[in-house]
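Read the structure below first, then the notes.
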Amino acid sequence: MGKQEKLLLQILKGQSDTNINFQDLVSLLRRFGFEKRVSGSHHIFRKEGILEKINLQKEGNKAKPYQIRQVRNIILKYKLGDKSNG
């Protein structure tokens with residue numbers, strides 16, 4: 001199991017939302033096909049077919065826990081972890 005798969009499982013389990021590395025989360029979203037735009041400290045991710053936009057900010061080198069929950073909800077809602085859905 002690779003780093004991205006481990007990160008995805010960690011996010012989906014929801015047991016360590018305070019301990020997700022920001023850059024690892026950015027890499028995972030890019031792997032899922034999200035386009036990234038930066039506006040100041042905001043890293044904004046959009047993807048065709050996904051109604052919500054994801055707006056991330058760093059807290060040190062970690063992602064903010066409430067933003068991890070938002071990402072988890074989008075992953076589950078759109079089944080982004082499925083092999084057939086990217």
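This table checks each residue for (1) of a type in the set (D, E, K, R); (2) more than 22 Å from residue 3 (Cβ to Cβ).
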| position | (1), (2) |
| --- | --- |
| 18 | no, no |
| 22 | no, no |
| 26 | no, no |
| 31 | yes, no |
| 46 | yes, yes |
| 56 | no, no |
| 68 | no, no |
| 75 | no, no |
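Is there a residue being open to solvent by 70 Å² or more (accessible area, probe 1.4 Å), touching a strand residue (DSSP E or B) at 6+ places or on another chain (Cβ under 9 Å) and touching a residue at least 24 places away in the same chain (Cβ under 8 Å) anywhere in the stretch 1-21? Full working, then the answer.
Taking the stretch 1-21 first, the residues open to solvent by 70 Å² or more (accessible area, probe 1.4 Å) are 1, 3, 6, 9, 13, 15, 18-19.
After this cut, where a residue has to be touching a strand residue (DSSP E or B) at 6+ places or on another chain (Cβ under 9 Å) as well, the list is 18-19.
Imposing the further condition that a residue be touching a residue at least 24 places away in the same chain (Cβ under 8 Å) reduces the set to 18-19.
Within the stretch 1-21, one or more residues are open to solvent by 70 Å² or more (accessible area, probe 1.4 Å), touching a strand residue (DSSP E or B) at 6+ places or on another chain (Cβ under 9 Å) and touching a residue at least 24 places away in the same chain (Cβ under 8 Å).
Which residue is farthest from residue 74 (Cα to Cα), if the candidates are limited to the stretch 1-21 and must be of a type in the set (Val, Ile, Thr) and part of a helix (DSSP H, G or I)? Working first, answer last.
The initial filter retains those residues of the stretch 1-21 that are of a type in the set (Val, Ile, Thr), namely 11, 18, 20.
The next check asks that each one be part of a helix (DSSP H, G or I); those that pass are 11, 18.
Values: 11: 11, 18: 18 Å.
Filtering the stretch 1-21 for residues that are of a type in the set (Val, Ile, Thr) and part of a helix (DSSP H, G or I), the one farthest from residue 74 (Cα to Cα) comes out as 18.
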When the stretch 52-69 is examined, which residues are found to be in contact with a strand residue (DSSP E or B) (Cβ under 7 Å, 6 or more places away or on another chain), open to solvent by 90 Å² or more (accessible area, probe 1.4 Å) and not in a loop (DSSP other than H, G, I, E, B)? none
Complete set of residues in the stretch 40-51 that are open to solvent by less than 60 Å² (accessible area, probe 1.4 Å), not hydrophobic (A, V, I, L, M, F, W, C) and not in a strand (DSSP E or B): 47
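Out of the residues in the stretch 22-39 that are outside any strand (DSSP E or B) and more than 19 Å from residue 66 (Cβ to Cβ), state the one that is least open to solvent (accessible area, probe 1.4 Å).
Taking the stretch 22-39 first, the residues outside any strand (DSSP E or B) are 22-34.
Still in the running and more than 19 Å from residue 66 (Cβ to Cβ): 27, 30-33.
Details: 27: 53, 30: 128, 31: 116, 32: 9, 33: 38 Å².
Among those residues, the one meeting the criterion is 32.
The values are calculated or read from the model by the stated rules, or taken from the named source; none is laboratory data. Remember, it's a predicted structure, so these values are computed and weren't measured experimentally. Every residue, glycine among them, receives a Cβ derived from its backbone with ideal geometry; neighbour counts consider all protein chains shown. Just so you know, the surface numbers come from the protein's heavy atoms only, side chains and all, with ligands and any DNA or RNA stripped out. Shrake-Rupley method; radii C 1.70, N 1.55, O 1.52, S 1.80 Å.
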